[in-house]
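The values are calculated or read from the model by the stated rules, or taken from the named source; none is laboratory data. No experiment lies behind these values; they were computed from the predicted model shown. Heads up, the Cβs are rebuilt from the backbone with ideal geometry, glycines too, and the neighbour counts pull from every protein chain shown. Calculation scope for accessible area: heavy atoms of the full protein, side chains included, ligands and nucleic acids excluded. Shrake-Rupley method; radii C 1.70, N 1.55, O 1.52, S 1.80 Å.
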Amino acid sequence: MEGFAARRAADAGAITVASCDNLNDNGRKLQALCVDHAQQVDDSLAEWIHTRCFFPNSMVDRIVPAATTERLHEAAEALGVTDRCALGTEGFWEWVIENHFADPSDAAVLAGVGVKVVTEVQPFEQAKLCMLNGSHSALACIGAVMGLTTISDCVAKPNIRAYVHALITKEIMLGLARPHIADYRDALIARFANPTLKHSVHQITTDNSLKIPQRWPPSIKAQLSRGGEVDHLALAAAAWMRYCLGEDEQGKAYVLKDPNSAKLKATALLHRHDACAAVKAFLGMHAIWGNELPNDAIWTSRVTHWLQRVQAIGLGQATAELSGS
């Protein structure tokens, strides 16, 4: 608040405050927080922030795996110093920002260095959430259950690559409005296949019960509303339910890093040989699936079908069966 107050007192003019938080509508959220905080101190300052300052929405898209010992060693060798915060990332990056600036010339400056300056950020946010994050969660659950280590290990298998391509193409991207969406899909799959990222499937499955509500239900409900296919999303849901057992198909145990891990694992163990009961119990978790999907007969039947197939033939063969590979 001191910065805003000093700027107003100096009559320094309007200012742009750009949020890079990984939140939808991040600019407006930041604006509301600043205005609300200012109102507790000075109503006139709150009004000045509201009318004179600009808070553009933005989205950043770049895969950044968690740091590993190997990555920290590579960074130390490259830099000649020890940096315990060093991270490795991919070459791809995309920064999308709303054309909402105190100084309109900022738009051209940002565009000149590769930033996408757009009228509306939401189509890009939704595409990232559903296409990148949604398919990432599906791949991670499948990979963890199959005993694979990284996302690139998953995509290296032709049946899983075919599955994720169809998941995005047939069920996720149809209702999205991002420009050049097929190009974005192709770039995503190429990014997933990058073996140098070493993006752990268990990093991505962390907090699944909090991530899935944002990543899958919007696509599922959109498909059901238009009478579209949901089998690839249903297999993803079945993979998550199987993942909750806490052991891969070779019997190797892993830890569910989830705030609801005890409940999820107990549910999976209780119904591990009964797909119908498992689906009923898991879909009954309304905090994850909402109130509509648990009562949708088509969705319930497709998830049940694919959990039965996973239990019978394993996830590798189930993805091959669905993708026809």
> For the range 28-43, which residues satisfy the criterion of being touching a residue at least 12 places away in the same chain (Cβ under 8 Å) and in contact with a Leu (Cβ under 7 Å, 6 or more places away or on another chain)?
Replying inline: Ala38
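Filter the helices (runs of 4 or more DSSP H) completely within the range 216-325 down to those with at least 3 residues that are open to solvent by less than 80 Å² (accessible area, probe 1.4 Å), of a type in the set (S, T, N, Q) and more than 22 Å from Gln126 (Cα to Cα).
Values: elements: 217-225, 231-243, 261-270, 275-283, 286-289, 297-313, 315-323.
Here the list reads 297-313.
The rows are residues; the columns are (1) under 26 Å from Trp240 (Cα atoms); (2) at pLDDT below 95; (3) open to solvent by 20 Å² or more (accessible area, probe 1.4 Å); (4) within 19 Å of the chain's Cα centre (by Cα).
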{"position": "Val81", "(1), (2), (3), (4)": "no, yes, yes, no"}
{"position": "Glu120", "(1), (2), (3), (4)": "no, no, yes, no"}
{"position": "Val145", "(1), (2), (3), (4)": "yes, no, no, no"}
{"position": "Ile172", "(1), (2), (3), (4)": "yes, no, no, yes"}
{"position": "Ala193", "(1), (2), (3), (4)": "yes, no, yes, yes"}
> If you check every pair at least six apart or on different chains, which have Cβ atoms under 8 Å apart with a residue in the range 1-14 that is under 11 Å from Leu45 (Cβ atoms) first and a residue that is surrounded by 10 or more Cβ atoms within 10 Å (Cβ to Cβ) and not hydrophobic (A, V, I, L, M, F, W, C) second?
Replying inline: Met1/His37; Ala5/Asp42; Arg7/Gly13; Arg8/Arg52
> For the range 1-41, how many residues meet the condition of being part of a loop (DSSP other than H, G, I, E, B), of a type in the set (D, E, K, R) and at pLDDT 90 or above?
Replying inline: 1
> Mind checking which residues of the range 133-143 are buried (at least 21 other Cβ atoms within 10 Å of the Cβ) and closer than 13 Å to Asp61 by Cβ?
Replying inline: His136
>> Return the residues of the range 156-170 that are crowded, with 19+ Cβ neighbours inside 10 Å and under 19 Å from Trp216 (Cβ atoms); say none if nothing qualifies.
In response: Ile160, Tyr163, Val164, Ala166, Leu167, Ile168
>> Please go through (1) out of contact with any Phe, Trp or Tyr (no Cβ under 9 Å at 6 or more places or on another chain); (2) in a helix (DSSP H, G or I); (3) within 30 Å of Leu72 (Cβ to Cβ) for Leu139 and return the number of the only condition it doesn't satisfy.
In response: (1)
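For the condition among the β-branched types (Val, Ile, Thr), under 25 Å from the mean Cα position of the chain (by Cα), closer than 30 Å to Asp183 by Cβ and surrounded by 14 or more Cβ atoms within 10 Å (Cβ to Cβ), what is the one hit in Val60, Val64?
Val60
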>> For the range 259-277, give me each residue that is without any contact (Cβ under 8 Å) to a residue 40 or more places away in the chain and under 25 Å from the mean Cα position of the chain (by Cα).
In response: Ser261, Ala262, Lys263, Lys265, Thr267, Ala268
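Looking at the structure I just gave you, is Ala107 farther than 30 Å from Met241 by Cα, modelled with pLDDT under 95 and either open to solvent by less than 40 Å² (accessible area, probe 1.4 Å) or touching a Leu at 6+ places or on another chain (Cβ under 7 Å) (or both)? Write out each step before concluding.
On the way: farther than 30 Å from Met241 by Cα: yes; modelled with pLDDT under 95: no; either open to solvent by less than 40 Å² (accessible area, probe 1.4 Å) or touching a Leu at 6+ places or on another chain (Cβ under 7 Å) (or both): yes.
No; evaluated as a whole, the condition is false for this residue.
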>> Would you confirm whether or not the range 1-24 contains a residue that is touching a Phe, Trp or Tyr at 6+ places or on another chain (Cβ under 6 Å), basic (Lys, Arg) and surrounded by 17 or more Cβ atoms within 10 Å (Cβ to Cβ)?
In response: yes
>> Looking only at the range 44-86, count every residue that is free of Cβ contacts under 8 Å to residues at least 24 places away in the same chain, part of a loop (DSSP other than H, G, I, E, B), aliphatic (A, V, I, L, M) and touching a helix residue (DSSP H, G or I) at 6+ places or on another chain (Cβ under 7 Å) and tell me the total.
In response: 1
>> For the range 206-234, give me the residue count where each residue is of a type in the set (A, V, I, L, M, F, W, C) and either under 13 Å from Asp258 (Cβ atoms) or at pLDDT below 95 (or both).
In response: 2
> From the list Glu94, Glu98, Glu90, which one is in contact with a Gly (Cβ under 9 Å, 6 or more places away or on another chain), at pLDDT below 95 and not aromatic (Phe, Trp, Tyr)?
Replying inline: Glu94
